[in-house]
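Structure record follows, encoded as structure tokens.
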Amino acid sequence: MTRLGFYLARTLRNEKALAGLGLPMAFVLNEMQGNLALVGNAQSLGTTAHGAAIDAANLVIRLNRAPMPEARSHGTRTDVLACATALRPTHLHQLNPKFLLWMSPKRKRLSWAMATQKGFALPPLDTYLRLKAQLNAPPTTGLMMIDLLSRSPATEITLYGFDFFASLSLSGRRTAAQVPHNFQAERAFVSALLARDPRFYLANPSALTE
């Protein structure tokens, strides 16, 4: 697809054409095997020493701008990047993910540079719509990725840096009241998932009761 064709498909919300730019989601999901680390952007992660455990995972998945203030707490690897915000090519080059997933339903925010990035994939829009209806609010990038991983062949999935906005986010300065997400519903979603799927672990289990 040419750049002009991309902008046309983006404007017309041509999901099939946009998805055709990247890898099939079935292929990407099948690559998510073994022990996975999904790293959220809660500020509270910075007080931990989880970095070595994160980097020891078979795949390290990060979200949006993937802030890594210290290796001790956050690790250093990024194998999969799940984004709902446009990133500059220099940032992408620095992170160098094997896979880049565009999670936002706002396709017009998807840049040509990201859509043509090696390893790009576009999760189907109906996944976002299903979660939005279930939560009665737009899902966070983190929750969408958790839901996606629940359908992967991974044997173990550890969630780091998830406290459902109790400590705010390293990605911005907004409070829970200033963002459109339902963190109480997301906490309940994750709690139910952990109860029924033994592959999932929450590195900070107290976040479910805070």
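Pick from T11, T85, T127 the residue whose mean-square fluctuation is largest in a GNM of the chain, springs joining Cα atoms under 10 Å.
Comparing T11, T85, T127 in the GNM, the peak value goes to T11.
After finding the eigenvalues of the alpha carbon gyration tensor for region 12-127, what semi-axes result from the square roots of 5 times each, listed largest first in whole Å?
Ellipsoid half-lengths, sorted descending, are 26, 15, 12 Å.
Kindly list the residues of region 23-67 that lie in the label zone of L125, defined by a backbone N under 16 Å from the point 7 Å along the Cα-to-C-beta vector.
Flagged as within label range: none.
Could you work out Rg/(2.2 N^0.38 Å) for region 73-149, with Rg from alpha carbons only? Each step should come with its number before you reach the end.
Details: Rg = 12.9 Å, N = 77, 2.2 N^0.38 = 11.5 Å.
Its radius of gyration relative to the 2.2 N^0.38 Å reference: 1.12.
Count the lysine pairs in the chain whose Cα atoms sit under 17 Å apart, keeping only pairs 8 or more residues apart in sequence or on different chains.
Within the chain, the lysine pair count is 4.
From the alpha carbon gyration tensor of region 52-92, can you work out the equivalent ellipsoid semi-axes (sqrt of 5 times each eigenvalue) and give them in Å, largest to smallest?
Largest first, region 52-92 gives 19, 11, 8 Å.
Quick one: which residues, 5 or more positions from S169 or on another chain, have an amide H under 5 Å from its amide H? H modelled 1.01 Å from N in the peptide plane, none for Pro or chain starts.
Hits under the 5 Å cutoff: Q43.
In whole Hz and in residue order, list the ³J(HN,Hα) couplings for region 146-158 that follow from phi through the Karplus curve 6.51 cos²θ - 1.76 cosθ + 1.60, θ = phi - 60°; x for Gly and Pro.
With the stated coefficients, region 146-158 comes to 4, 4, 5, 5, 5, 9, 8, x, 4, 8, 8, 10, 9 Hz.
What do you get for Rg/Rh over region 23-208 if you use C-alpha atoms and the Kirkwood form of Rh?
0.92
Most mobile of G119, G34, G75 per a Gaussian network model of the chain (Cα springs, under 10 Å)?
Evaluated over the chain, the most mobile residue of the options is G34.
How big is the shadow of the Cα convex hull of region 110-210, averaged over all directions, in nm²?
Here the figure is 7.6 nm², rounded to one decimal.
If you plug each phi of region 92-107 into the Karplus form 6.51 cos²θ - 1.76 cosθ + 1.60 with θ = phi - 60°, what whole-Hz ³J(HN,Hα) values come out, in order, with x for Gly and Pro?
4, 5, 5, 6, 6, x, 6, 10, 10, 10, 8, 8, 6, x, 7, 5
Every read-out reported here was derived from the displayed coordinates using simple, explicitly stated rules and does not represent laboratory data. Only a predicted model underlies this, so the values are computations on that prediction, with no experimental measurement involved. We place every Cβ from the backbone using ideal geometry, glycine too, and count neighbours over all the protein chains shown.
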